[in-house]
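S.K.: Quick one: structure below, then a few questions.
Read the figures in this text as sums done on the coordinates, not as results from a lab. Please read all numbers here as calculations on a predicted model, not as lab measurements. Cβ sites come from the backbone with ideal geometry, for glycine too, and all protein chains shown count toward neighbours.
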Amino acid sequence: MVERVVVVGSGIAGLTCARALAGLVNEVLMVSAGHCGRDGASHRLHGMGPFILLAAPWVRGDSPEHFASELERRAEGLARPELAGILAQEAHSAARELMDWLGLRVIAEEPILLPGEELPRGMAVLPGRPGALMEPAVEACRRAGVHLVEQTLAVGLVQQEERVTGLVVMSRGDAEPRLIDAAAVVLACGGPAGAFPVATGPRWCRGSALVLGQLAGAALHQPGLLQVLPLTASPPGFFLSTRVLVEAELRVDGRPASHDGTVGGVLAVMRAAWAAGQRTTARLQGAAYATLPPGFPLRAIAPPGQEIELVVGCHHGIGGVAIDTWGRTSVPGLYACGEAAGGVQGRHRMMGTGLLEGYVFGRRVARAVARDLPKIAPVGGPPRRSVVAPLAGAPEIERRLDAHAQRWLSAPRAPATRPSMESETTSGAFDEYLAAIRHRTLSILARVGRV
């Protein structure tokens with residue numbers, strides 16, 4: 001049996017999992033659609049806001065039990081309490097370890113009180129060195145002996161007797177996909193935000209985990225549960241920060257529009273305006289900038305007093321591939337962690353938990369894989385490949401998918417129609433597989449509906 005484990009994705013979940021696995025199994029490959037450490041949503045965290053938040057029980061009177069209770073309250077029955085409980089139990093120690101691993105420095109004496117919470121849990125941190133946020137983790141993986149495979153897209157899985165025994169990949173510049181044999185495959189390739197035309201995540205994060213999970217026959221947990229935010233239209237995908245946004249003067253086609261003072265209230269106004277064919281803008285108030293660092297890019301993108309157009313964009317996939325408490329999916333040999341997995345959080349995701357969730361469950365998956373591999377019995381029968389069919393004419397298809405995806409996200413009620421594409425082929429280039437993954441993701445979301 002091949003004793004190789006393949007980790008798909010190189011955000012915080014994939015990097016954490018790969019580094020932990022390197023000391024536990026014979027060979028670890030990390031497959032990245034872009035460049036390692038830069039293909040996940042975690043890479044963009046520092047540019048999205050004035051600082052990075054790590055939410056955990058920091059203050060006297062708080063506890064993992066209180067933290068778990070808050071996660072459950074926010075979930076509104078759409079999460080699995082046992083998964084949320086693990087995050088709550090490990091959040092504080094994980095935050096300390098992450099700060100050390102990534103070289104993050106605390107910039108405030110006390111944690112921040114996050115919107116809708118009674119206890120301050122958001123520790124504000126910034127990188128203590130120049131360069132990409134995930135670079136220390138990438139270097140740690142290299143030193144541990146992890147093989148990095150870049151600009152390579154996961155497009156299918158191989159199964160024997162239902163067990164996953166390999167990954168089908170397409171590298172940029174190659175003419176055909178190729179097979180990587182594996183004893184286990186870990187999906188850590190993020191959520192579906194990149195399937196939408198305006199998103200905070202990179203274009204690679206367009207639902208590969210949902211698509212690969214579906215191809216393998218794995219159970220999915222609330223795949224239509226997304227965190228949606230009001231984002232800037234130009235430059236696209238920039239979040240103004242909660243305070244700047246809710247204190248802005250909102251306008252619809254130039255007329256003042258009222259809301260309830262929450263991000264959800266702003267979204268409700270925007271969706272109603274979109275349905276009526278109207279444009280939403282925000283005139284930003286100078287007082288809201290007081291807490292922002294002098295070099296924060298928002299000051300250049302949208303100076304105080306300027307009116308800026310807003311659009312509904314996708315930030316985070318809360319649902320995903322269903323997992324147990326150790327990241328096992330319903331299909332033997334297939335695991336998931338980070339944003340690729342669903343069930344840790346529900347209706348209202350807690351701010352400041354993305355890095356921690358990826359770190360906590362990335363480690364747990366590594367331990368589970370190491371425990372499971374010695375128990376694997378030899379499998380017989382012919383291997384069965386389940387591979388995405390590429391879509392020819394990727395640029396035109398991407399434009400058509402833009403229109404469908406924005407309608408699904410922006411309409412007061414998401415349409416149930418699936419995007420129709422008639423140009424499926426049996427072979428294609430890297431970008432044609434990338435378009436096909438996006439199409440399949442949007443088809444899954446259309447079928448299940450927006451939660």
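S.K.: Assign unit charges at the C-beta atoms only (+1 for Lys and Arg, -1 for Asp and Glu), then state the dipole size of the chain relative to its Cα centre in Debye, rounded to the nearest 20.
M.R.: It comes to approximately 340 debye.
S.K.: Considering only the other residues whose Cβ falls under 13 Å of the Cβ of Ser171, what net charge follows from Lys and Arg at +1 and Asp and Glu at -1? All intermediate terms of the calculation are to be shown ahead of the outcome.
M.R.: Values: positive: Arg172, Arg178; negative: Glu150, Asp174, Glu176, Asp431.
For residues surrounding Ser171, the net value is -2.
S.K.: On to the next question. Order of Ser69, Ser410 from fewest to most other C-beta atoms within 10 Å? Could the numbers behind the result be given before it?
M.R.: Working: Ser69 15, Ser410 20.
Result, fewest neighbours first: Ser69, Ser410.
S.K.: Highest first, please rank the peptides 55-63, 242-250, 36-44 by the mean number of other Cβ atoms sitting within 10 Å of their residues.
M.R.: Working: 55-63: 16.6, 242-250: 18.7, 36-44: 25.3.
Highest to lowest by the protection proxy: 36-44, 242-250, 55-63.
S.K.: Hey, rough spin-label estimate for Ala175 and Thr417, points 7 angstrom out along Cα→Cβ, what's it come to in nanometres?
M.R.: Label-label distance for Ala175 and Thr417, simple model: 4.0 nm.
S.K.: Answer rounded, prolate or oblate for the range 227-314, using the Cα gyration tensor with square roots of eigenvalues a ≥ b ≥ c: rounded when a/c is under 1.5, else prolate when a/b is larger than b/c, else oblate. Before the final figure, lay out the partial values.
M.R.: Details: a/c = 1.69, a/b = 1.57, b/c = 1.08.
Note, shape of the range 227-314 comes out prolate.
S.K.: Continuing with the same structure: Would you mind pulling out the separation of the Cα centroids of the range 114-134 and the range 433-449, in Å?
M.R.: For the range 114-134 versus the range 433-449, the Cα centre distance is 32 Å.
S.K.: Also, I was wondering about something else. Before rounding to the nearest 500, sum -39500 (n - 2.57) across all DSSP H runs of length at least 4 in the chain and divide by the residue total; then give [θ] at 222 nm in deg cm²/dmol. Provide the component values of the computation, followed by the final result.
M.R.: Values: 12 runs with 145 residues, N = 451.
Roughly -10000 deg cm²/dmol at 222 nm, from the helical runs in the chain.
S.K.: Can you tell which of Val387, Pro419, Pro230 lies farthest toward the positive end of the dipole of the chain, using +1 and -1 charges on the Cβ of basic and acidic side chains (Lys, Arg; Asp, Glu)?
M.R.: Projecting each Cα onto the dipole axis, the largest value belongs to Pro419.
S.K.: Given a cut-off of under 8 Å on Cα pairs at least six residues apart, what relative contact order in percent is computed for the range 227-314? Mind showing how you got there, number by number?
M.R.: Numbers: 133 pairs, mean separation 35.2, N = 88.
In percent, rounded to a whole number, it is 40.
S.K.: Shifting gears a bit: Work through the residues other than Ala368 whose Cβ is under 13 Å from its Cβ and net out their charges, Lys, Arg +1 and Asp, Glu -1. It would help to have the intermediate numbers written out before the result.
M.R.: Working: positive: Arg328, Arg363, Arg364, Arg367, Arg371, Lys375; negative: Asp324, Asp372.
It works out to a net charge of +4.
S.K.: Same structure again: Work out the charge dipole of the range 1-87 with +1 on the Cβ of Lys and Arg and -1 on the Cβ of Asp and Glu about the Cα centre, then indicate which of Ala79, Ala33, Pro64 is farthest towards its positive end.
M.R.: Sorting the options by dipole projection puts first Ala33.
S.K.: To continue, here is another question. Stokes-Einstein D for the range 389-448 at 25 °C, 0.890 mPa s, Kirkwood Rh over Cα pairs, in µm²/s? Kindly include the intermediate steps, with their values, before the conclusion.
M.R.: Values: Rh = 11.7 Å.
D = 210 µm²/s.
S.K.: Something else now. Going by average Cβ neighbours within 10 Å, how do the peptides 373-381, 341-349, 232-240, 6-14 rank, with the highest at the top? Spell out each step's value before the answer.
M.R.: Values: 373-381: 10.1, 341-349: 24.2, 232-240: 17.3, 6-14: 32.1.
The densest-packed peptide leads the list: 6-14, 341-349, 232-240, 373-381.
S.K.: Shifting gears a bit: Please compute the net charge surrounding Leu119, taking Lys and Arg as +1 and Asp and Glu as -1 over other residues with Cβ under 9 Å from its Cβ.
M.R.: Values: positive: Arg121; negative: Asp62, Glu70, Glu117, Glu118.
Combined, the nearby Lys, Arg, Asp and Glu give -3.
S.K.: Suppose a student asked you for the relative contact order of the range 389-448, using Cα pairs under 8 Å spaced at least 6 residues apart; what percent would you report?
M.R.: 54
S.K.: Next question. Over the range 69-163, what relative contact order in percent results from Cα pairs under 8 Å that are six or more residues apart?
M.R.: Values: 56 pairs, mean separation 17.1, N = 95.
Worked out over the range 69-163, it gives 18 percent.
S.K.: Would you mind checking the tilt of helix 81-102 against the longest principal axis of the Cα atoms of the chain, expressed as 0 to 90 degrees and rounded to 10?
M.R.: That works out to roughly 80 degrees.
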